[in-house]
Amino acid sequence: MATPERAQQILTGLKEAGIDLVASVPDINLLHLLNALYADKDITHLPVGREEEGIGVCTGAYAGGKRVAMLMQNGGLMNSCNGLTTTALQFGIPILLLIYYAGDMGDNAFHMLGLVTEPVLDGLGIKYTVMRDPAKVKEQIAQALTAAEASKRPVALLLTRAVL
Amino acid sequence: MKRYECLQAIKPLIKDELFVTSAGGATSEWCAVRPSDGNLQVKTLGLCSSIGLGLAVALPRRKVFVFDGDGALWMNFGSLATIGLHQPKNLIHLCWDNREYESSGGEPTVSRSGLINFADAARAAGIQSSRSAESVENLVQAVRHALNNDGPHFIWARIEPGRAEVPPLALDELENKYRFIRYVEQTEGTSILRLPLPASYDHKATKP
(Lines give C-alpha, C1' and ligand atoms only; values in the text may rest on other atoms or scores of the structure.)
Protein backbone atom coordinates (compact mmCIF):
# COMPACT_ATOMS: atom_id res chain seq x y z
CA MET A 1 0.00 0.00 0.00
CA ALA A 2 1.10 3.51 -0.82
CA THR A 3 1.89 5.60 2.25
CA PRO A 4 1.86 9.35 2.97
CA GLU A 5 5.45 9.07 4.21
CA ARG A 6 6.77 7.75 0.93
CA ALA A 7 4.71 10.34 -0.98
CA GLN A 8 6.29 13.05 1.17
CA GLN A 9 9.70 11.70 0.36
CA ILE A 10 8.99 11.98 -3.38
CA LEU A 11 7.68 15.53 -2.92
CA THR A 12 10.80 16.48 -0.98
CA GLY A 13 12.93 14.92 -3.73
CA LEU A 14 11.14 17.00 -6.36
CA LYS A 15 11.69 20.19 -4.36
CA GLU A 16 15.34 19.46 -3.71
CA ALA A 17 15.82 18.83 -7.44
CA GLY A 18 14.27 22.27 -8.12
CA ILE A 19 10.92 21.24 -9.60
CA ASP A 20 8.49 24.12 -9.08
CA LEU A 21 5.55 23.20 -11.33
CA VAL A 22 3.74 19.87 -11.61
CA ALA A 23 0.85 19.07 -13.97
CA SER A 24 -1.15 15.98 -13.08
CA VAL A 25 -3.87 13.45 -13.84
CA PRO A 26 -4.80 11.10 -10.95
CA ASP A 27 -4.34 7.40 -10.30
CA ILE A 28 -5.36 5.64 -7.07
CA ASN A 29 -1.73 4.75 -6.40
CA LEU A 30 -0.76 8.44 -6.68
CA LEU A 31 -3.39 9.59 -4.20
CA HIS A 32 -1.01 10.41 -1.33
CA LEU A 33 1.39 12.22 -3.63
CA LEU A 34 -1.47 14.22 -5.17
CA ASN A 35 -2.81 15.08 -1.72
CA ALA A 36 0.66 16.29 -0.77
CA LEU A 37 0.83 18.40 -3.95
CA TYR A 38 -2.59 19.93 -3.30
CA ALA A 39 -1.44 20.87 0.21
CA ASP A 40 1.98 22.15 -0.81
CA LYS A 41 2.68 25.89 -1.07
CA ASP A 42 6.00 25.84 -2.94
CA ILE A 43 5.14 23.85 -6.04
CA THR A 44 2.58 25.20 -8.52
CA HIS A 45 0.19 22.31 -9.12
CA LEU A 46 -1.90 22.29 -12.29
CA PRO A 47 -4.38 19.44 -12.63
CA VAL A 48 -5.30 18.85 -16.29
CA GLY A 49 -8.08 16.82 -17.91
CA ARG A 50 -5.94 14.73 -20.25
CA GLU A 51 -2.26 13.96 -20.03
CA GLU A 52 -1.30 15.42 -23.41
CA GLU A 53 -2.55 18.80 -22.16
CA GLY A 54 -0.05 18.40 -19.35
CA ILE A 55 2.80 17.99 -21.83
CA GLY A 56 1.70 21.29 -23.38
CA VAL A 57 1.35 22.99 -19.99
CA CYS A 58 4.83 21.80 -18.97
CA THR A 59 6.30 23.01 -22.27
CA GLY A 60 4.82 26.47 -21.88
CA ALA A 61 5.78 26.70 -18.22
CA TYR A 62 9.37 25.69 -19.02
CA ALA A 63 9.54 28.43 -21.65
CA GLY A 64 8.40 30.79 -18.89
CA GLY A 65 11.16 29.70 -16.51
CA LYS A 66 9.71 26.85 -14.47
CA ARG A 67 11.29 23.46 -13.77
CA VAL A 68 8.50 21.10 -14.65
CA ALA A 69 7.14 17.60 -14.07
CA MET A 70 4.10 15.69 -15.34
CA LEU A 71 2.54 13.21 -12.90
CA MET A 72 0.33 10.49 -14.42
CA GLN A 73 -0.35 6.81 -14.91
CA ASN A 74 1.23 4.95 -17.82
CA GLY A 75 -2.12 5.06 -19.63
CA GLY A 76 -1.48 8.79 -19.72
CA LEU A 77 1.89 8.20 -21.30
CA MET A 78 0.02 6.56 -24.15
CA ASN A 79 -2.35 9.54 -24.34
CA SER A 80 0.65 11.87 -24.53
CA CYS A 81 2.65 10.28 -27.34
CA ASN A 82 1.99 12.89 -30.02
CA GLY A 83 2.56 15.80 -27.66
CA LEU A 84 5.76 14.20 -26.42
CA THR A 85 6.95 13.62 -29.97
CA THR A 86 5.95 16.73 -31.91
CA THR A 87 6.20 19.21 -29.04
CA ALA A 88 8.44 18.06 -26.16
CA LEU A 89 11.00 16.13 -28.21
CA GLN A 90 10.90 18.30 -31.32
CA PHE A 91 11.38 21.52 -29.33
CA GLY A 92 13.70 19.81 -26.89
CA ILE A 93 11.97 20.43 -23.56
CA PRO A 94 13.23 18.96 -20.27
CA ILE A 95 10.16 17.51 -18.56
CA LEU A 96 10.34 15.06 -15.68
CA LEU A 97 7.71 12.41 -16.44
CA LEU A 98 6.56 10.80 -13.19
CA ILE A 99 4.62 7.75 -14.31
CA TYR A 100 2.80 5.22 -12.15
CA TYR A 101 3.77 1.83 -13.56
CA ALA A 102 0.39 0.07 -13.83
CA GLY A 103 0.67 -3.53 -14.97
CA ASP A 104 4.14 -3.89 -13.52
CA MET A 105 5.15 -7.34 -12.30
CA GLY A 106 2.84 -8.12 -9.39
CA ASP A 107 0.26 -5.46 -10.32
CA ASN A 108 -3.15 -6.89 -11.19
CA ALA A 109 -4.54 -3.97 -13.23
CA PHE A 110 -3.87 -2.93 -16.83
CA HIS A 111 -1.48 -5.76 -17.71
CA MET A 112 -1.36 -4.61 -21.33
CA LEU A 113 -0.11 -1.19 -20.20
CA GLY A 114 2.57 -2.94 -18.22
CA LEU A 115 3.59 -4.86 -21.29
CA VAL A 116 3.98 -1.87 -23.62
CA THR A 117 5.22 0.88 -21.30
CA GLU A 118 8.97 0.34 -21.52
CA PRO A 119 8.95 -0.46 -25.28
CA VAL A 120 6.98 2.76 -25.90
CA LEU A 121 9.49 4.81 -23.90
CA ASP A 122 12.30 3.12 -25.83
CA GLY A 123 10.52 3.82 -29.10
CA LEU A 124 10.07 7.48 -28.23
CA GLY A 125 13.73 7.74 -27.31
CA ILE A 126 12.88 8.74 -23.75
CA LYS A 127 15.44 7.69 -21.15
CA TYR A 128 13.91 6.17 -18.02
CA THR A 129 14.53 4.54 -14.67
CA VAL A 130 12.23 2.03 -12.97
CA MET A 131 12.04 3.09 -9.32
CA ARG A 132 11.88 0.11 -6.96
CA ASP A 133 13.86 1.13 -3.87
CA PRO A 134 12.44 3.80 -1.51
CA ALA A 135 15.97 4.50 -0.26
CA LYS A 136 17.02 5.67 -3.73
CA VAL A 137 14.03 7.89 -4.52
CA LYS A 138 15.64 11.30 -3.97
CA GLU A 139 18.83 10.32 -5.75
CA GLN A 140 16.94 8.96 -8.77
CA ILE A 141 14.78 12.10 -9.03
CA ALA A 142 17.87 14.32 -8.96
CA GLN A 143 19.64 12.17 -11.54
CA ALA A 144 16.63 12.17 -13.85
CA LEU A 145 16.34 15.95 -13.74
CA THR A 146 20.04 16.34 -14.47
CA ALA A 147 19.63 14.02 -17.46
CA ALA A 148 16.59 15.97 -18.67
CA GLU A 149 18.28 19.37 -18.40
CA ALA A 150 21.55 18.20 -19.92
CA SER A 151 19.80 16.57 -22.90
CA LYS A 152 16.93 19.07 -23.12
CA ARG A 153 14.52 16.16 -23.44
CA PRO A 154 11.79 14.57 -21.35
CA VAL A 155 13.09 11.88 -18.98
CA ALA A 156 10.82 9.35 -17.26
CA LEU A 157 10.71 7.82 -13.79
CA LEU A 158 8.47 4.76 -13.56
CA LEU A 159 7.00 4.74 -10.06
CA THR A 160 6.27 1.22 -8.82
CA ARG A 161 4.18 0.50 -5.72
CA ALA A 162 7.34 -0.13 -3.74
CA VAL A 163 8.24 3.59 -3.76
CA LEU A 164 4.73 5.04 -3.41
CA MET B 1 -13.39 39.06 -42.71
CA LYS B 2 -9.99 37.70 -43.57
CA ARG B 3 -7.46 36.61 -40.98
CA TYR B 4 -4.69 38.68 -42.55
CA GLU B 5 -6.61 41.95 -42.38
CA CYS B 6 -7.53 41.16 -38.75
CA LEU B 7 -3.87 40.58 -37.88
CA GLN B 8 -2.86 43.86 -39.53
CA ALA B 9 -5.58 45.64 -37.58
CA ILE B 10 -4.53 44.30 -34.15
CA LYS B 11 -0.79 44.69 -34.69
CA PRO B 12 -0.75 48.37 -33.56
CA LEU B 13 -2.14 47.23 -30.17
CA ILE B 14 0.76 44.85 -29.56
CA LYS B 15 3.93 45.68 -27.62
CA ASP B 16 5.96 42.81 -26.12
CA GLU B 17 3.18 40.30 -25.56
CA LEU B 18 4.06 36.64 -26.12
CA PHE B 19 2.34 34.63 -28.86
CA VAL B 20 1.83 30.87 -29.04
CA THR B 21 0.45 30.12 -32.48
CA SER B 22 -0.94 27.03 -34.17
CA ALA B 23 1.05 26.00 -37.24
CA GLY B 24 -0.37 27.06 -40.58
CA GLY B 25 -1.81 30.33 -41.79
CA ALA B 26 -2.20 31.81 -38.30
CA THR B 27 1.55 31.45 -37.73
CA SER B 28 2.87 32.42 -41.16
CA GLU B 29 0.57 35.44 -41.48
CA TRP B 30 1.25 36.67 -37.92
CA CYS B 31 5.00 36.27 -38.31
CA ALA B 32 4.78 38.28 -41.55
CA VAL B 33 2.72 41.02 -39.89
CA ARG B 34 4.71 41.04 -36.63
CA PRO B 35 8.09 39.36 -36.94
CA SER B 36 9.37 38.77 -33.40
CA ASP B 37 11.26 36.28 -31.30
CA GLY B 38 8.22 36.49 -29.03
CA ASN B 39 6.30 34.21 -31.43
CA LEU B 40 6.32 30.44 -30.80
CA GLN B 41 4.88 28.10 -33.44
CA VAL B 42 3.18 24.88 -32.27
CA LYS B 43 3.07 21.92 -34.66
CA THR B 44 1.06 19.56 -32.42
CA LEU B 45 -2.54 20.13 -33.49
CA GLY B 46 -4.48 21.48 -30.54
CA LEU B 47 -1.66 21.85 -28.04
CA CYS B 48 -1.16 25.63 -28.43
CA SER B 49 -3.89 26.38 -25.86
CA SER B 50 -2.21 24.13 -23.28
CA ILE B 51 1.24 25.59 -23.98
CA GLY B 52 -0.22 29.08 -23.67
CA LEU B 53 -1.78 28.12 -20.32
CA GLY B 54 1.56 26.90 -18.96
CA LEU B 55 3.35 30.02 -20.18
CA ALA B 56 0.69 32.29 -18.70
CA VAL B 57 0.90 30.55 -15.32
CA ALA B 58 4.71 30.78 -15.32
CA LEU B 59 4.67 34.49 -16.24
CA PRO B 60 1.58 35.88 -14.52
CA ARG B 61 2.45 39.53 -15.19
CA ARG B 62 2.87 39.05 -18.94
CA LYS B 63 0.00 38.93 -21.43
CA VAL B 64 0.09 35.69 -23.41
CA PHE B 65 -1.83 35.26 -26.66
CA VAL B 66 -2.82 31.89 -28.08
CA PHE B 67 -3.74 31.77 -31.76
CA ASP B 68 -5.81 28.60 -32.07
CA GLY B 69 -7.82 27.24 -34.97
CA ASP B 70 -11.22 25.57 -35.08
CA GLY B 71 -9.74 22.18 -36.02
CA ALA B 72 -7.05 22.51 -33.37
CA LEU B 73 -9.49 23.58 -30.67
CA TRP B 74 -11.76 20.67 -31.53
CA MET B 75 -8.83 18.32 -30.96
CA ASN B 76 -8.07 19.75 -27.51
CA PHE B 77 -11.54 20.97 -26.51
CA GLY B 78 -10.88 19.97 -22.91
CA SER B 79 -8.26 22.70 -22.68
CA LEU B 80 -11.12 25.22 -22.40
CA ALA B 81 -12.21 23.53 -19.16
CA THR B 82 -8.63 23.43 -17.88
CA ILE B 83 -8.18 27.15 -18.61
CA GLY B 84 -11.55 27.75 -16.96
CA LEU B 85 -10.37 25.82 -13.91
CA HIS B 86 -7.08 27.67 -13.45
CA GLN B 87 -8.28 31.16 -14.48
CA PRO B 88 -5.01 32.65 -15.78
CA LYS B 89 -5.74 36.39 -15.78
CA ASN B 90 -3.16 37.11 -18.46
CA LEU B 91 -4.23 34.57 -21.08
CA ILE B 92 -5.91 35.72 -24.31
CA HIS B 93 -7.11 32.68 -26.25
CA LEU B 94 -8.13 33.63 -29.78
CA CYS B 95 -9.60 31.01 -32.11
CA TRP B 96 -9.44 31.76 -35.84
CA ASP B 97 -12.44 29.83 -37.14
CA ASN B 98 -12.44 29.28 -40.91
CA ARG B 99 -14.55 26.10 -40.56
CA GLU B 100 -11.91 23.94 -42.22
CA TYR B 101 -8.56 22.18 -41.81
CA GLU B 102 -6.80 24.71 -44.00
CA SER B 103 -3.32 23.20 -43.71
CA SER B 104 -4.66 19.71 -44.44
CA GLY B 105 -6.42 20.63 -47.67
CA GLY B 106 -9.65 22.24 -46.55
CA GLU B 107 -11.57 19.31 -45.06
CA PRO B 108 -14.53 20.41 -42.92
CA THR B 109 -14.18 20.76 -39.14
CA VAL B 110 -16.94 20.50 -36.54
CA SER B 111 -17.56 24.19 -37.14
CA ARG B 112 -18.80 23.64 -40.72
CA SER B 113 -22.08 22.32 -39.29
CA GLY B 114 -22.89 25.78 -38.03
CA LEU B 115 -24.18 24.19 -34.83
CA ILE B 116 -21.28 24.92 -32.51
CA ASN B 117 -20.71 28.23 -30.76
CA PHE B 118 -17.13 28.32 -29.50
CA ALA B 119 -17.67 31.52 -27.51
CA ASP B 120 -20.60 29.99 -25.62
CA ALA B 121 -18.58 26.82 -25.07
CA ALA B 122 -15.68 28.78 -23.60
CA ARG B 123 -18.04 30.69 -21.30
CA ALA B 124 -19.71 27.46 -20.22
CA ALA B 125 -16.24 26.10 -19.41
CA GLY B 126 -15.63 28.97 -16.99
CA ILE B 127 -13.99 31.59 -19.21
CA GLN B 128 -16.25 34.50 -18.31
CA SER B 129 -14.77 37.01 -20.74
CA SER B 130 -15.73 35.35 -24.00
CA ARG B 131 -16.65 37.22 -27.16
CA SER B 132 -17.29 36.49 -30.78
CA ALA B 133 -16.16 38.75 -33.62
CA GLU B 134 -17.43 38.79 -37.18
CA SER B 135 -15.95 42.13 -38.25
CA VAL B 136 -12.46 43.57 -38.04
CA GLU B 137 -13.79 46.36 -35.86
CA ASN B 138 -15.37 43.91 -33.39
CA LEU B 139 -12.18 41.91 -33.25
CA VAL B 140 -10.03 44.97 -32.53
CA GLN B 141 -12.45 45.92 -29.73
CA ALA B 142 -12.27 42.42 -28.26
CA VAL B 143 -8.48 42.37 -28.33
CA ARG B 144 -8.27 45.86 -26.80
CA HIS B 145 -10.64 44.76 -24.04
CA ALA B 146 -8.55 41.64 -23.40
CA LEU B 147 -5.34 43.67 -23.22
CA ASN B 148 -6.79 46.15 -20.76
CA ASN B 149 -8.68 43.79 -18.44
CA ASP B 150 -8.00 40.70 -16.40
CA GLY B 151 -8.94 37.41 -18.05
CA PRO B 152 -8.82 34.68 -18.98
CA HIS B 153 -10.24 35.85 -22.28
CA PHE B 154 -11.58 33.88 -25.21
CA ILE B 155 -12.23 35.42 -28.62
CA TRP B 156 -14.01 33.55 -31.38
CA ALA B 157 -12.90 35.15 -34.65
CA ARG B 158 -15.15 33.99 -37.47
CA ILE B 159 -13.13 34.39 -40.64
CA GLU B 160 -13.26 33.45 -44.32
CA PRO B 161 -11.10 30.55 -45.42
CA GLY B 162 -7.91 31.44 -47.26
CA ARG B 163 -4.29 32.14 -46.49
CA ALA B 164 -2.41 35.29 -47.48
CA GLU B 165 0.58 34.83 -49.77
CA VAL B 166 3.28 35.02 -47.14
CA PRO B 167 6.26 32.69 -46.63
CA PRO B 168 6.13 29.94 -43.97
CA LEU B 169 8.04 30.40 -40.72
CA ALA B 170 11.73 29.93 -41.56
CA LEU B 171 12.71 28.47 -38.16
CA ASP B 172 12.72 24.86 -37.03
CA GLU B 173 11.45 24.04 -33.53
CA LEU B 174 14.87 24.17 -31.89
CA GLU B 175 15.78 27.61 -33.24
CA ASN B 176 12.28 28.89 -32.57
CA LYS B 177 12.49 27.63 -28.97
CA TYR B 178 15.93 29.09 -28.26
CA ARG B 179 15.06 32.46 -29.74
CA PHE B 180 11.72 32.54 -27.92
CA ILE B 181 13.22 31.64 -24.55
CA ARG B 182 16.12 34.09 -24.99
CA TYR B 183 13.50 36.73 -25.73
CA VAL B 184 11.64 35.82 -22.52
CA GLU B 185 14.92 35.94 -20.58
CA GLN B 186 15.85 39.36 -21.94
CA THR B 187 12.43 40.93 -21.46
CA GLU B 188 11.85 39.36 -18.03
CA GLY B 189 15.42 39.70 -16.77
CA THR B 190 15.59 36.01 -15.86
CA SER B 191 17.74 32.98 -16.67
CA ILE B 192 15.86 29.98 -18.07
CA LEU B 193 18.25 27.96 -20.26
CA ARG B 194 20.37 26.62 -17.44
CA LEU B 195 23.24 24.34 -18.28
CA PRO B 196 24.50 21.79 -15.76
CA LEU B 197 27.91 22.71 -14.37
CA PRO B 198 30.74 20.84 -16.15
CA ALA B 199 32.43 18.30 -13.89
CA SER B 200 35.71 20.22 -14.02
CA TYR B 201 33.96 23.17 -12.34
CA ASP B 202 32.25 20.96 -9.83
CA HIS B 203 35.10 20.92 -7.33
CA LYS B 204 38.31 22.79 -6.76
CA ALA B 205 40.91 21.30 -9.02
CA THR B 206 43.63 19.63 -7.00
CA LYS B 207 47.06 19.31 -8.52
CA PRO B 208 48.77 15.93 -8.18
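Descriptive notes on the structure:
- Residue within region B:53-66 that is modelled with pLDDT of 95 or more, closer than 24 Å to residue B:184 by Cα and away from chain A (no Cβ under 14 Å) present: no
- Taken together, the criteria exclude residue A:77 from residues that are within 11 Å of chain B (Cβ to nearest Cβ), within 21 Å of residue A:119 (Cβ to Cβ), touching a residue at least 40 places away in the same chain (Cβ under 8 Å) and part of a helix (DSSP H, G or I).
- Number of positions in region B:35-52 that are more than 19 Å from residue B:77 (Cα to Cα) and at the interface with chain A (Cβ under 8 Å from one of its Cβ atoms): 1
- Only one of the numbered conditions (1) exposed (fewer than 14 other Cβ atoms within 10 Å of the Cβ); (2) without any contact (Cβ under 8 Å) to a residue 12 or more places away in the chain; (3) within 30 Å of residue A:142 (Cβ to Cβ) is violated by residue B:185, and that is (1).
- Cβ-Cβ contacts under 6 Å between residues 6 or more apart (or on different chains), taken from a first residue in region A:1-23 that is touching a residue at least 12 places away in the same chain (Cβ under 8 Å) to a second residue that is of a type in the set (S, T, N, Q), are listed as A:2/A:29; A:21/A:44.
- Selection count, region B:77-96, where residues are more than 11 Å from chain A (Cβ to nearest Cβ) and either surrounded by 24 or more Cβ atoms within 10 Å (Cβ to Cβ) or within 11 Å of the chain's Cα centre (by Cα) (or both): 5
- Residue within region A:82-97 that is away from chain B (no Cβ under 11 Å) and either crowded, with 24+ Cβ neighbours inside 10 Å or touching a Pro at 6+ places or on another chain (Cβ under 9 Å) (or both) present: yes
The rows are residues; the columns are (1) outside any helix (DSSP H, G or I); (2) without any contact (Cβ under 8 Å) to a residue 60 or more places away in the chain; (3) polar (S, T, N, Q); (4) farther than 20 Å from residue B:133 by Cα.
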| position | (1), (2), (3), (4) |
| --- | --- |
| B:7 | no, yes, no, no |
| B:11 | no, yes, no, no |
| B:31 | no, no, no, yes |
| B:57 | no, yes, no, yes |
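- Residues of region A:131-164 classified as modelled with pLDDT under 95 and part of a strand (DSSP E or B), total: 0
- Boolean, residue B:21 is more than 8 Å from chain A (Cβ to nearest Cβ), of a type in the set (Val, Ile, Thr) and in a helix (DSSP H, G or I): no
The values are calculated or read from the model by the stated rules, or taken from the named source; none is laboratory data. Since this is a predicted model, take the numbers as computed values, not measurements. Backbone-built Cβ (ideal geometry, glycine too); neighbour counts: all protein chains shown.
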